[in-house]
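The values are calculated or read from the model by the stated rules, or taken from the named source; none is laboratory data. Everything numeric here is computed off the predicted structure, so don't read it as measured data. Cβ: placed from backbone, ideal geometry, glycine included. Neighbour counts: every protein chain shown. To get the accessible areas, we keep the full protein, side chains included, count just its heavy atoms, and leave off ligands, DNA and RNA. Shrake-Rupley method; radii C 1.70, N 1.55, O 1.52, S 1.80 Å.
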Amino acid sequence: MRALWGVATVLTAVCVTLLVGCAPVAEKSLGITVDDVAFVEYYEYPWGDVPDTIDRLTLDVPEVLSEFVRAYSDMPVTDASPSDLNDLAGGQTQSTRFVLTDGRTIEISKVWLGPKDAIVLWPDGTVSKTEWGSPELFDAYESVGTIDEVDAADRPGGRSEATRDAARKATVEGLTGIEPALSAWEADVLPLNYSPIAPGGAP
């Protein structure tokens with residue numbers, strides 16, 4: 001009997017350790033359908049070390065738009081930790097601007113820490129971690145889109161000081177509780193929620 005009790009105690013300890021060590025997985029979506037999207041503007045660049053100009057890939061093929069929407073639908077995510085945010089510098093960044101048929105835009109960014117390890121910066125200011133996706137999309141889609149060299153400030157959130165201010169309050173302070181951690185975010189930008197778009201597609 002004592003031996004059985006010992007085995008049960010060990011198994012309980014193992015189970016508790018596994019549960020504590022694994023962050024709960026949830027699903028998160030942008031909440032749009034492919035019918036909502038007129039076209040997509042896609043950018044890739046290194047986080048925190050953005051060159052003066054970058055390439056913008058514009059896509060409007062329905063099948064491709066469907067893939068981009070699906071990439072941010074029911075995405076399995078866990079909460080990002082402060083230590084995750086400290087590793088963003090130099091990470092491959094994918095920023096996507098969904099231009100909707102009603103003229104609004106939704107902007108979202110993903111920063112890759114490793115092949116199956118990415119931080120997602122959602123339009124609502126939340127920050128998640130996911131294994132979903134691929135760090136190299138530009139090459140996969142450039143043959144079906146239009147490439148333009150643009151000012152780096154044209155990337156999602158690049159001109160929005162208000163976005164950075166909102167991000168500081170909604171993400172960094174909420175995750176770390178300290179102001180000095182803002183330096184990593186000031187080097188780049190966070191996504192913007194629904195925002196008006198001017199004629200011709202310029203933010």
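Just to make sure I understand: if all protein chains stay in place, what is the order of THR101, THR53 by accessible area at 1.4 Å, largest first?
Greatest to least solvent exposure: THR101, THR53.
Our analysis of region 42-170 gives Rg over Rh at 0.93, with the two radii drawn from alpha carbon positions and Rh computed by the Kirkwood formula. Counting 0.36 nm for each residue step from THR33 to ALA140 and taking away their Cα separation leaves a gain of 36.3 nm. Compared with the alpha-carbon gap, the fully stretched path from ASP87 to ASP102 is longer by 1.7 nm at 0.36 nm per residue. Of the accessible area of region 109-163, with the probe set at 1.4 angstrom, what percent is carbon plus sulfur? With neighbouring chains kept in place, the figure for region 109-163 is 48 percent. Note on exposure: ARG104, ARG70, ARG97 ranked by accessible area (1.4 Å probe, complete protein assembly) read ARG70, ARG104, ARG97, with the most exposed listed first. Could you calculate the contour length gain from THR53 to ASP148, that is, 0.36 nm times the residue separation minus the distance between their Cα atoms, to one decimal place in nm? Gain on stretching THR53 to ASP148: 33.2 nm.
So what is the accessible area of region 36-79 per residue, in Å², with the probe set to 1.4 Å?
44 Å²
Highest-first packing order for the peptide set 132-139, 89-96 is 89-96, 132-139, based on the mean count of other beta carbon atoms within 10 Å.
To the nearest 10, the accessible area of LEU100 is 10 Å² with a 1.4 Å probe.
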